[in-house]
Amino acid sequence: MRQSQYFLKTSKTQPSDDPSVNARLLEQGGFVQKVMAGVYTFLPLGLRVLAKIEDIVRAEMDKIGAGEVLMPALQPKENWAKTGRWDELDVLFRLKSRHGYDYALGPTHEEIVTPAALPVISSYRDLPLAVYQIQTKFRDEPRAKSGLLRTREFRMKDLYSFHTDEKDLNEYYEKVAIPAYQRIYRAMGLDAVLTEASGGTFSKFSHEFQVEIPSGEDYIYVCEKCGLAKNKEIFEEGVACTVCGGKKYREAAASEVGNIFPLKTKYSKSFELTYTDEKGKKQDVVMGCYGIGTSRLLGVLVEKYHDSRGIIWPRSVAPFDFHLLLLDASDPKVAEAAEQLYGALQAKGVEVLLDDRDMSAGVKFVDSDLIGIPRRLVVSARSVEKGSFELKARGEGKTELIELRSFEKLLSK
């Protein structure tokens, strides 16, 4: 991709209405554009990162055997009235059409996925079963803030599982869902802490996955013995850890990147989702729900990985593998060397952003640091004279010279 032709413009101006790191760097770096409070346009650079995040999530969901679906964002009032949440859920966007019909913009999809399972599940032989989606969702937040961490329109992966009983649900929860989530976060370079939270009306506990960052909006208390954490709403000093019995905790600021919880039979009862057991008796289907905010993850990654100059993307989610800076472009030999390197990398399937703009070297270096592509290549008159180009990892000071004819060495680094 040629930067001169790319829908990308960096800015020196910080957003005046949001001091958070992710809002500042993502807007200044040309990843997102704020439309209004809590609503963002994902520009090409930001959309590439979001797609990488969602590809990692999708791969793990497919690996555990969940089927992907896509449910509507626009949902009928009748479904929400059946569960009682039309009147109870304060963040629900409620709409009335010009024809007099009432709709909701979905903040979640239990009211859609449960009736969707009615023609699919009839016998114990149909269970367990799981489906997931990656969707744009809506919450009427009273105060949208912190860039992508708290928005009114956001991207979400939600997985729903269906079971014969709570024992089967608990086994899925512990042996399938939690390990899959841990693999997802590790693949993005995040060490997410499994954190106990209140289960509300469903159970004693639900679980969150929290990433420790100094700017985190939550506080968690991490067991020093086994690493399980409790969130601040359920933490009591001196209470033993539910896993190892330890009583020593450390406090940490963190941001939530996922949550999982048992729904049990709340929604299956509302929609009469039942199955026939081995004895021919009808039973309520037991359900679980597992969410990951993919657009929120993008914001958390920036909060976690940045320095004073800009973003430092982990390779697995970076918008491009390499940022190739063409300096001294007026020199035909330099321009030709950069084009040859660019073409050779593209031919190998490597994602490269070529900065071929008519800008000074200083501007290109500043923009490259801000955008945060993991590895920077520089082709200049000085490097071409030596028959080489420069390689530098974002966030590191060391620069390495590599012969132009040996570009394939890049692929192993």
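The values are calculated or read from the model by the stated rules, or taken from the named source; none is laboratory data. The shown structure was predicted, so the numbers you read here are calculated from the model rather than taken from an experiment. When we count neighbours, we look across all protein chains shown, and the Cβ atoms used for this are built from the backbone with ideal geometry, even at glycine.
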Practice task
Would you confirm whether any residue within the stretch 312-326 is more than 31 Å from the chain's Cα centre (by Cα) and β-branched (V, I, T)?
Solution key: no
Practice task
Kindly indicate whether I112 is within 21 Å of I184 (Cβ to Cβ), assigned to a helix (DSSP H, G or I) and of a type in the set (V, I, T).
Solution key: no
Handout entry: Residues of the stretch 316-348 satisfying the condition of being of a type in the set (A, V, I, L, M, F, W, C) and surrounded by fewer than 15 Cβ atoms within 10 Å (Cβ to Cβ)
Key = A347
Practice task
Provide a single number: the residues in the stretch 174-218 that are touching a strand residue (DSSP E or B) at 6+ places or on another chain (Cβ under 6 Å), farther than 30 Å from P374 by Cα and among the hydroxyl-bearing types (S, T, Y).
Solution key: 3
Exercise for the section: Might you check whether a residue that is surrounded by fewer than 20 Cβ atoms within 10 Å (Cβ to Cβ) and part of a helix (DSSP H, G or I) occurs anywhere in the stretch 144-154? Expected result: no
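Do you know which of the residues in the stretch 347-367 that are touching a residue at least 12 places away in the same chain (Cβ under 8 Å) and in a loop (DSSP other than H, G, I, E, B) is farthest from the chain's Cα centre (by Cα)? Talk me through it step by step, then tell me what you get.
Just the residues of the stretch 347-367 that are touching a residue at least 12 places away in the same chain (Cβ under 8 Å), to begin with: 348, 350-358, 361, 364-367.
Now narrow it down to the ones that are in a loop (DSSP other than H, G, I, E, B): 348, 350-351, 356-358.
Working: K348: 28, V350: 23, E351: 21, D356: 31, R357: 31, D358: 35 Å.
Going through the qualifying residues, I end up with D358.
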Exercise for the section: Return the total of residues in the stretch 39-59 being outside any strand (DSSP E or B), closer than 23 Å to L149 by Cα and either touching a helix residue (DSSP H, G or I) at 6+ places or on another chain (Cβ under 8 Å) or without any contact (Cβ under 8 Å) to a residue 24 or more places away in the chain (or both). Expected result: 12
Practice task
Could you list, in sequence order, all residues of the stretch 232-266 that are assigned to a strand (DSSP E or B) and among the aliphatic types (A, V, I, L, M)?
Solution key: A252, A253, A254, V257, I260, L263
Problem - Verdict on L370 being closer than 25 Å to V49 by Cα, at pLDDT 95 or above and either outside any helix (DSSP H, G or I) or in the same structural domain as L25 (by TED's automatic domain parsing) (or both) - result: no
Exercise for the section: Kindly establish whether S206 is modelled with pLDDT under 95 and part of a strand (DSSP E or B). Expected result: yes
Practice task
Check the stretch 99-109 and report whether any residue there is in the same structural domain as P19 (by TED's automatic domain parsing), surrounded by fewer than 19 Cβ atoms within 10 Å (Cβ to Cβ), under 26 Å from L298 (Cβ atoms) and of a type in the set (G, A, S).
Solution key: no
Practice task
Go through (1) of a type outside the set (S, T, N, Q); (2) touching a strand residue (DSSP E or B) at 6+ places or on another chain (Cβ under 8 Å); (3) buried (at least 18 other Cβ atoms within 10 Å of the Cβ); (4) more than 24 Å from R24 (Cα to Cα) and name the single condition D355 misses.
Solution key: (4)
Handout entry: Flag for V286 being of a type in the set (V, I, T) and either within 30 Å of G147 (Cβ to Cβ) or outside the structural domain of Q135 (by TED's automatic domain parsing) (or both)
Key = no
Practice task
Only residues that are over 21 Å from the mean Cα position of the chain (by Cα) and either outside the structural domain of F261 (by TED's automatic domain parsing) or part of a helix (DSSP H, G or I) (or both): list them for the stretch 168-202, please.
Solution key: D168, L169, N170, E171, Y172, E174, K175
Handout entry: Filter result for I213 (under 22 Å from P262 (Cβ atoms) and surrounded by 15 or more Cβ atoms within 10 Å (Cβ to Cβ))
Key = no
Exercise for the section: Report yes if some residue within the stretch 388-406 is among the aromatic types (F, W, Y), modelled with pLDDT of 95 or more and not in a helix (DSSP H, G or I); otherwise report no. Expected result: yes
Fill in the blank from the handout: Per the filter on the stretch 155-167, residues outside any strand (DSSP E or B) and in contact (Cβ under 8 Å) with a residue 40 or more places away in the chain are T164, D165, E166
